[in-house]
Protein chains: 2
Amino acid sequence: MLSIGEFSKISHLTLKTLRYYDEIGLLKPAFTDAKSGYRYYNISQLETALLISRLKTYLFSLDEIKVILINWHDTDLFQVKMKTKQENLTQQITIYSSLLKKLELDIQLLEEEKNIMGYLDQIDIKLVDHLTFNILSQRKQINISDFLIHFNELFSKVVFEKLTPTAKPLAIFHSAEYVPENYDVEIAIPIVEAINETKVFNPGICAMATLIGSYDELPSIHTKLHAWIEENHYKLNGTPFEVYQTDPHTTLEEHNIIEIYFPIK
Amino acid sequence: MLSIGEFSKISHLTLKTLRYYDEIGLLKPAFTDAKSGYRYYNISQLETALLISRLKTYLFSLDEIKVILINWHDTDLFQVKMKTKQENLTQQITIYSSLLKKLELDIQLLEEEKNIMGYLDQIDIKLVDHLTFNILSQRKQINISDFLIHFNELFSKVVFEKLTPTAKPLAIFHSAEYVPENYDVEIAIPIVEAINETKVFNPGICAMATLIGSYDELPSIHTKLHAWIEENHYKLNGTPFEVYQTDPHTTLEEHNIIEIYFPIK
DNA sequence: TATAGAGTCTCCTGTTAGGGTAAGGTCAAT
DNA sequence: ATTGACCTTACCCTAACAGGAGACTCTATA
């Protein structure tokens, strides 16, 4: 039997950590003195401690580790979990690498004594008098990550009802605030026919900017548009909408072209 | 002036986030109605919000971002911080990559239906009757990461006092528990001369295992040694110590050879 | 056997960056 | 005047512990 201090010394887990693992039921001492509350571990528990430490380095959460320990006989489960972690780690590395690239671009800008927010000045804003469309649309509260799924629904409707698209698809944003899991959005396709499910979309005069690349730059575009509207003494007049010039199914994210429109007066 | 909801929609920061940033003083609304408590932002603050979001993706903490914003005129400071982050990210990526490699090795073991903790069985333990040494030593509470620094101090003492080393340097661990920042360790060098600063080190009979590679495997070695001592009905008799067979200054981490000794009876 | 000092106990608070929810006040349009 | 959308504060919750206080227990020595 090892006291908690001895166990700590051997396993290289701190006292705090061991007590915490006891509390959450991850690694309970083999024996706890009911009177004094002293914890006593046996030697074989050191191996469990080692396993926990190892899984921790692989970025498993303690909850995940607990599940693995409880089902330690189930090697298949363990293998699956390990492979999932492998994918997670690989993904993390790619994410970090692309972050690093962007960061290095910014550092380069700084070294050339340019403004790091300078890319904002390169966003070009045009005043357009948007056309009137006959649209087939669907307004829903959706999770932004399911965006494409809902669009596909609408696409299939166009096909099955044999309607004739007349311009690129668009999305109208009704959401008052930004909550990614619950976006109030109306997806629409301009079509030739006027059936009872279609309606007329006529935003009037608009400020427009073009987004090329990742959706992450959307707040920049919005910022720029708002600043422009204020500078030019216009006022927002209706809900913003976006027109998708490229097909997200076949276009790489960095080549996406999306036009952002703000109706103004 | 933008209400918090409008500002949220444009900046893609949630209401909670904006209120939190107000609370911690990272991004305070340009105007707060004293009566109603309503927050109002102006358009130019959108750009600050964008900057914050961007720095967040680079893994700056909100505290760090705050410092950057406060000293926004100080481009040198910003550049330094950015370069530090760049290093951090690069390091993270190398760490993750080496983790991934280890994880993949483990997965391979699993696929060969071997025990993932099997490496423990390959640790070889020998019973040795350790020699008696005359040692020059220094016992201190140190941070484990400063280990080498303290060793170098002792080395220089050997040189300046013109003493004659007679065996590899060693470290004796007195710490009762594991607290990396506060390790009670005695570093020592066996020498020929017996001066008044030296003492005799005579651990007696010991169980010994050899660690090759990273220090991370130390808990495994300790675990194995303790299990071995129990199995063979010995008892610990004194404080463990380590002998450094390779020079950490000139040896790659993965080629380090360290002998771990547990005095027993 | 008494005692000192090392070891251990529980309990409480703090950390990051907000999320969730409740109860209530405010704004703008009808 | 009312309604419904919008906004407010306040409280509790997250993961994986760290730090510290105050009290209890164990063990080695005198």
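Of note:
- Footprinting exposure proxy for A:ASP184, B:ASP106 (fewest neighbouring C-beta atoms within 10 Å first): A:ASP184, B:ASP106
- Stokes-Einstein D in µm²/s, Kirkwood radius over Cα pairs - the stretch B:33-90 at 4 °C with 1.567 mPa s viscosity: 100
- Inter-label distance, nm, simple model (7 Å from Cα along the C-beta direction), B:GLN91/B:ASN143: 1.2
- Shown for chain B is the translational diffusion coefficient from the Stokes-Einstein equation, using the Kirkwood radius over Cα pairs, a temperature of 25 °C and a viscosity of 0.890 mPa s: 103 µm²/s.
- Using the rule -39500 (n - 2.57) for each DSSP H run of four or more residues, divided by the residues of chain A, the 222 nm mean residue ellipticity is -13000 deg cm²/dmol.
- For B:ASN202, the label point sits 7 Å beyond Cα toward Cβ; its separations from the matching points on the remaining copies run 10.7 nm, from shortest to longest.
- Ellipsoid fit via the Cα gyration tensor, the stretch B:117-204: semi-axes of 25, 19, 12 Å, each the root of five times an eigenvalue, largest first.
- Calculated on the alpha-carbon coordinates, the convex hull of the protein assembly as shown measures out at 248 cubic angstrom per residue.
- Over 28 Å (Cα to Cα) - which of A:LYS114/B:LYS56; A:LYS56/B:LYS66; A:LYS157/B:LYS9; B:LYS114/B:LYS265; A:LYS114/A:LYS265; A:LYS83/B:LYS16 fall in this group: A:LYS56/B:LYS66; A:LYS157/B:LYS9; B:LYS114/B:LYS265; A:LYS114/A:LYS265; A:LYS83/B:LYS16
- Stokes-Einstein D (µm²/s) once Rh is taken as the Kirkwood radius of the stretch A:1-154 over alpha-carbon pairs, at 4 °C in 1.567 mPa s: 60
- Span-like helix ranges in chain B, DSSP H, alpha carbon extent 27 angstrom or more, Kyte mean at least 0.0: none
- In order through the stretch A:245-250: 3J(HN,Hα) via Karplus (6.51 cos²θ - 1.76 cosθ + 1.60), integer Hz, x for Gly, Pro: 7, 10, 8, x, 5, 10
- Per residue, the convex hull volume that the Cα atoms of the stretch B:2-72 enclose (Å³): 84
- Radius of gyration, Dmax [the stretch B:214-258; alpha carbons; angstrom]: 13.2, 39
- Restricting the stretch B:55-100 to chymotrypsin sites (Phe, Trp or Tyr not before Pro) that sit in a DSSP loop and have at most 16 other Cβ atoms within 10 Å of their own Cβ leaves B:TRP72.
- Annotation for A:GLY118, label-to-label distances across the other copies: 5.7 nm (shortest first, one decimal, point 7 Å from Cα along Cα→Cβ).
No lab work stands behind these numbers, since they all come straight from the coordinates. This one's a predicted model, so the numbers in the text were calculated from it and none came from an experiment. Positions of Cβ are backbone-derived with ideal geometry, glycine not excepted, and every protein chain shown enters the neighbour counts.
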